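Notes follow once the structure below has been shown.
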Amino acid sequence: MKYRNLSIWKNVDKPLFLFYFILSIIGYLVMYSSNYNGFEIQDFLWNTNYGKQLIWLILTFFFGVFILLIDGNFIKNSSYFIYGIVILLLVIVLFMPPIKGATSWFYFSSFSIQPSEFIKLGLSLALAKLLSDVGSKFQDFRTKLKAFLLIVTPAILIAIQPDPGTMLVFSCFVFVLYREGLSGNFLLIGLFTILIAIVGIFLKASNSVFFIGSNAVSGNLFFGFILCIGFLFSFLIIRYFVLPRFRKQKIRSLIFISVLGLSISGGINIVYDTIFKERHRTRFQIMFGVKEDRKGAGYNIYQSLSAVGSGKIFGKGFLKGTLSNDKFKHVPEQNTDFIFCVLAEEWGFSGCMVFIILYISLLVRMIMVAERQRSKFTRIYGYCVSGILFFHFMINIAMVIGLAPVIGIPLPFFSKGGSAILTFGLMIFILLRLDAERKVVLR
Amino acid sequence: MDPYKNRRWVIILIIISIGLIFSFRLFYVQVINHEWSHRAAKISLKTENLQPPRGFIYDRNNKLLVGAETVYDIFILPIAIKEKDTSLICNLFDMSKLDFKKVLENASTGYNVPYKPSVFIKSMTQLEHAKISPFIGKISGVFAEAKIDRGYPLSIASHLLGYIRRIDENQFQNTRANGDFFYTKNDFIGITGLEKQYELLLRGQRGNINYLKDYAGNKIKTVNKIPAQPGKSLQITLDANLQKLGEKLMAHKIGSIVAIEPSSGEILAMVSAPSYNPSLLTGKNFSKEFERLKQNDSLKPLINRPVYNDKYRPGSIFKLVQALIALEDGVITSNTGFSCNKNIIGCHNHERPNNLLKAIKHSCNPYFFQVYKRLIMKGKGKNIFEISREGLGNWEKKIKTFGFGSTLGIDLPDEKSGFVPNVSFYDQWYGKKRWAFSTIYSNSIGEGEIGVSPIQMANLAAIIANKGYYFTPHIIKEIEEENIKEKFKTKHYSCVDAKHFDVIIDAMNEVVNNGTGRNARIDSIEVCGKTGTVENKNFNDHSVFISFAPMNQPKIAIAVYVEFGTWGSKWAAPVASLMMENYLNGFLSNKSKIKAAKIQSEVILNKNTKF
């Protein structure tokens, strides 16, 4: 037993563990600083956010050690079981009393559990299991359908809560599927869609008017017009410069893209006017800087950007934040979605750089670890974990620094929330465990 | 084996580019663009002014004349007012909901903006504030700010001390234009009297406190604090007891008393009647009381007559100056005598003025007609117009050395110069060479065109007491750590040599002992004085008296002017005497007390009061 234990630690990927460990420590210090209001020992553990966070962190490491001790095969074989249990929880949680308008939590006195966090782990395991099964090939339609159902089921359950932020995270599995053979066109089409959508929404939000000749037209119509001209040009280029044997195929995809682009830009026109509510429109207008709204919908972002900006190069120092600290409450939700403000304000640009480098290193290291596996299960699982963390990181930071509209999503290892801390920790410990036995077994 | 192995690079590239985008964005927000950190400062920092307490004013014996009274202004911040609090607010301040709605509207329109606090109730007393303070702490958008108003423990010398009031838009803009950023709206500023004169010293220096606030505007932590520097306290030369007596004696009368210490020019008392209680012009009743005193009182109690009213003709007290100049000029000697020829100018019956002393003792009008004639017609020539012009020119220069016809430079605002008629004045009035001595002889006995303020009359008494010089009369005695008195330490000499004063002083002593001013006698003190009765066509004459005592070592020089008080010895002389007795002895004898009570109860407001 002792021998085996030691051999596992020897095989654990030290850089990955280190990145995770350092980020956890930084995250904890930021949480501590954010809530610091004079240290009082009797309150420490049970009555403060950082006290609870510490308990969860210790719990996570305790479970982590436990995971390192169990057999990887056992984890792999429990994948569907874990997934099933969490799906069950997701169903039950819908019948719990809503908090802030969402039925996302189970409450146990001062602690609460959020099953939508655990599904990230469950889904990663289940998806890895599905795609790595000897019999399944991703190219098969059945496998694709199964994978799709696996992802969509929890997504729908979470949408019912509703928790759009967490739901959005599920789109990260596109990366995993892409790595496993999903056509790259999906990524490109996704990117294309996002670009067209951004331009379209921007034109709507800013109420731009353009002129064709002397006729004033709305921005979107003009954009559509430009798109058509662009497609026409492409068509002419293909017509005269592409070899005849590829021509047919190219023209087919051009038509597809044209239809997609025009329908998106037209669709946005309709969605923006009819489906969007006023508050959504304001959010976009604020995001694009068309409107400055310090008191209403723009309040969060105005306050958080002020806090970030006030950090300057070297920050105000540990425990010295004056906007994002809980005492001041200038930044709302500074313990959860906007916790990055605390880091940015107290450690400045230099601190942010350390943070970003550490985070990117962690994500890239995970991909490297995933890629060196002989086991397909471990590889897919690694990608899942990396993708999930990446999406959280991307959406959360983009929101805090004003590059995306406000979407409620936690920053892993930083935001308050025991379920999240535990889930993200376990995800990494499982990866470490699976990776540690990469030379021993072949799955 | 794995055809998609290279796709990891695409994914890694995407991750790294997101990291780069974030880095650039953060670099922009945190390093390049300083706007966000300015905004952060605006969000989290708040500066509050610290009001310095205004300096106190003490009399020469360190009795407090002006102290401080803390009052509270109640402010409202319209955007922070919650609907549910309105009924509580209305109860607290005893107003209807409709009124409060109006208040809110006013506070949000025009100059006022809803996110800046504006004054809601001004100058609550400490007692009123104590009642409401536990409640307003709980109401968001309503808060109190302490201000230092004035308190007057003795309620005297209102004119001299002046008053403060809240700065108005004009003054506010003016001070700003002059680079003085001390005041904020609703601050107090000195308007008259010493409050205005020494405003810069009394007001002190404003401090401020920067603190970090939370999202609701609550103070969390002080960042830095520059304490306010309290205004400097003044000690003034006034003797509170003397002033109090003077105001009592002048009750129900119109006029002035000015008492000066001749050896220093320090003003011991300065009474302007009718007076008002200085406490009226404090607190929330200011506007009401001010309006009443300013507009609705025909006696104009706000005017500080001793320095402001320079239209007073001096009357017979002016004979002293004429005599002094004549002696200096050598046109008469102390033994010169004239006959009391009532054909030229009116007089009363008295012994023959065969020397200067007797002439002053009986205030003989024809005598001084002759003296003035010799002064004006001194020149040798044939043309009486030319001679008069030359004579008047010389006379004017000499008169002016006694402090007449120009401001003395007292440390009070709005001092008026008075008027000594000169050549150009008569040229303009009558035309060149259209006037001569016979036109202007009224000046000889202090009638005619001469205008003198009571402070100048008292200064004349001081010059005679000093035998020829005076110090600029002043009120400031000491200011903490300031040396401001230097300019009051120079002797100003009159044109008359000291040796000529002895006869005048003897004569003034004779006036009090055996002459027109017997009402001014004080047992055990040798008093020198001169009465004056200023003619008033159709109305009662004005009663004037200037005096100093004791004769040999003068400690007080005084001028009393009682409008419509008939002749000089009737009211002015006894008032002066009581003042001097009280000052020199420190108390009034029983006999004098009875006299004082009688004078105090006399009402002389009507121009035709019968005695």
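The values are calculated or read from the model by the stated rules, or taken from the named source; none is laboratory data. What you are looking at is a predicted structure, and each value in this text was computed from that prediction instead of being measured. Cβ coordinates were reconstructed from backbone atoms using ideal geometry, including for glycine residues, and neighbour counts include every protein chain displayed.
Miscellaneous remarks
Let's see how each residue does on (1) touching a Phe, Trp or Tyr at 6+ places or on another chain (Cβ under 7 Å); (2) more than 7 Å from every other protein chain (Cβ to nearest Cβ):
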residue: B:Ile18; (1), (2): no, no
residue: B:Gln30; (1), (2): yes, no
residue: B:Asn61; (1), (2): no, yes
residue: B:Gly67; (1), (2): yes, yes
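- Selection count, region A:341-361, where residues are facing another protein chain (nearest Cβ under 10 Å) and in contact (Cβ under 8 Å) with a residue 60 or more places away in the chain: 3
- Qualifying residue in region B:375-383 (condition: outside any loop (DSSP other than H, G, I, E, B), within 38 Å of the chain's Cα centre (by Cα), crowded, with 20+ Cβ neighbours inside 10 Å and in contact (Cβ under 8 Å) with a residue 24 or more places away in the chain): yes
- Test: A:Phe413 is touching a residue at least 60 places away in the same chain (Cβ under 8 Å) and within 11 Å of chain B (Cβ to nearest Cβ): no
- Of all residues in region A:102-114, those being over 20 Å from A:Gly64 (Cβ atoms) and in contact (Cβ under 8 Å) with a residue 24 or more places away in the chain number 5.
- Condition broken by B:Arg39, with the remaining ones in (1) over 28 Å from A:Ser324 (Cα atoms); (2) within 8 Å of chain A (Cβ to nearest Cβ); (3) surrounded by 19 or more Cβ atoms within 10 Å (Cβ to Cβ) satisfied: (1)
- Once region B:189-200 is narrowed to residues that are within 14 Å of the chain's Cα centre (by Cα) and part of a helix (DSSP H, G or I), the residue that is nearest to B:Leu50 (Cα to Cα) is B:Glu199.
- Filter result (touching a residue at least 60 places away in the same chain (Cβ under 8 Å), closer than 28 Å to A:Ala128 by Cα and buried (at least 21 other Cβ atoms within 10 Å of the Cβ)) within region A:173-209: A:Phe173, A:Phe175, A:Val176, A:Arg179, A:Glu180
- So A:Phe390, is it within 7 Å of chain B (Cβ to nearest Cβ) and either free of Cβ contacts under 8 Å to residues at least 24 places away in the same chain or buried (at least 24 other Cβ atoms within 10 Å of the Cβ) (or both): yes
- Test: residue in region B:393-401 that is part of a loop (DSSP other than H, G, I, E, B) and without any contact (Cβ under 8 Å) to a residue 40 or more places away in the chain: no
- Against the test of being within 22 Å of the chain's Cα centre (by Cα), closer than 23 Å to B:Ser287 by Cβ and either among the small types (Gly, Ala, Ser) or surrounded by fewer than 21 Cβ atoms within 10 Å (Cβ to Cβ) (or both), the options B:Asn174, B:Asn186 yield a single qualifying residue, B:Asn174.
- Hey, B:Tyr430 surrounded by 18 or more Cβ atoms within 10 Å (Cβ to Cβ), more than 29 Å from B:Ala269 (Cα to Cα) and either in contact with a helix residue (DSSP H, G or I) (Cβ under 6 Å, 6 or more places away or on another chain) or assigned by TED's automatic domain parsing to the domain that holds B:Arg313 (or both) or not: no
- Residue within region B:285-292 that is among the small types (Gly, Ala, Ser) and within 16 Å of the chain's Cα centre (by Cα) present: no
- Residue satisfying condition, being outside the structural domain of B:Arg203 (by TED's automatic domain parsing), modelled with pLDDT under 80 and either in contact with an Asp or Glu (Cβ under 7 Å, 6 or more places away or on another chain) or surrounded by 15 or more Cβ atoms within 10 Å (Cβ to Cβ) (or both), within set B:Ile132, B:Ile121, B:Ile148: B:Ile148
- Hey, A:Gly402 part of a loop (DSSP other than H, G, I, E, B), within 14 Å of chain B (Cβ to nearest Cβ) and not hydrophobic (A, V, I, L, M, F, W, C) or not: yes
- Pairing residues of region A:141-159 that are in contact (Cβ under 8 Å) with a residue 12 or more places away in the chain with residues that are small (Gly, Ala, Ser) and crowded, with 18+ Cβ neighbours inside 10 Å, at Cβ distances under 7 Å and at least 6 apart in sequence or on separate chains, gives A:Leu150/A:Ala126; A:Ile158/A:Ser116.
- Subset tally (residues that are at negative phi and either part of a loop (DSSP other than H, G, I, E, B) or of a type in the set (D, E, K, R) (or both)) for region A:324-370: 16
- Residues of region B:11-36 that are farther than 17 Å from A:Ile401 by Cβ and loosely packed, with under 14 Cβ neighbours inside 10 Å: B:Leu13, B:Ile16.
- In this structure, B:Lys82 does not satisfy being within 30 Å of B:Phe188 (Cα to Cα), of a type in the set (Lys, Arg), in contact (Cβ under 8 Å) with a residue 40 or more places away in the chain and away from every other protein chain (no Cβ under 14 Å).
- Residue among B:Ser601, B:Ser592 that is of a type in the set (Gly, Ala, Ser), under 23 Å from B:Met508 (Cα atoms) and at pLDDT below 95: B:Ser592
- Residues of region B:554-611 satisfying the condition of being in contact with a strand residue (DSSP E or B) (Cβ under 8 Å, 6 or more places away or on another chain), among the aliphatic types (A, V, I, L, M) and assigned to a helix (DSSP H, G or I): B:Ala572, B:Ala573, B:Val575, B:Ala576, B:Met579, B:Met580, B:Leu584
- Note on region A:81-100: residues that are part of a loop (DSSP other than H, G, I, E, B), touching a residue at least 24 places away in the same chain (Cβ under 8 Å) and either among the aromatic types (Phe, Trp, Tyr) or loosely packed, with under 11 Cβ neighbours inside 10 Å (or both) amount to 0.
- Restricted to region A:244-271, and to residues there that are within 15 Å of A:Ile196 (Cα to Cα) and polar (S, T, N, Q), the residue that is nearest to the chain's Cα centre (by Cα) is A:Ser265.
- Qualifying positions in region A:153-200 - more than 17 Å from the chain's Cα centre (by Cα) and small (Gly, Ala, Ser): A:Gly181, A:Ser183, A:Gly184, A:Ala197, A:Gly200
- Helices (runs of 4 or more DSSP H) lying entirely in region A:119-229 (those with 1 or more residues that are among the hydrophobic types (A, V, I, L, M, F, W, C) and over 22 Å from A:Arg283 (Cα atoms)): A:141-160, A:173-179, A:184-205
- Residue within region B:201-221 that is away from chain A (no Cβ under 14 Å), touching a helix residue (DSSP H, G or I) at 6+ places or on another chain (Cβ under 9 Å) and within 22 Å of B:Ile479 (Cβ to Cβ) present: yes
- Condition check for A:Ile313: within 11 Å of chain B (Cβ to nearest Cβ), within 23 Å of the chain's Cα centre (by Cα) and either surrounded by fewer than 21 Cβ atoms within 10 Å (Cβ to Cβ) or at pLDDT 90 or above (or both): no
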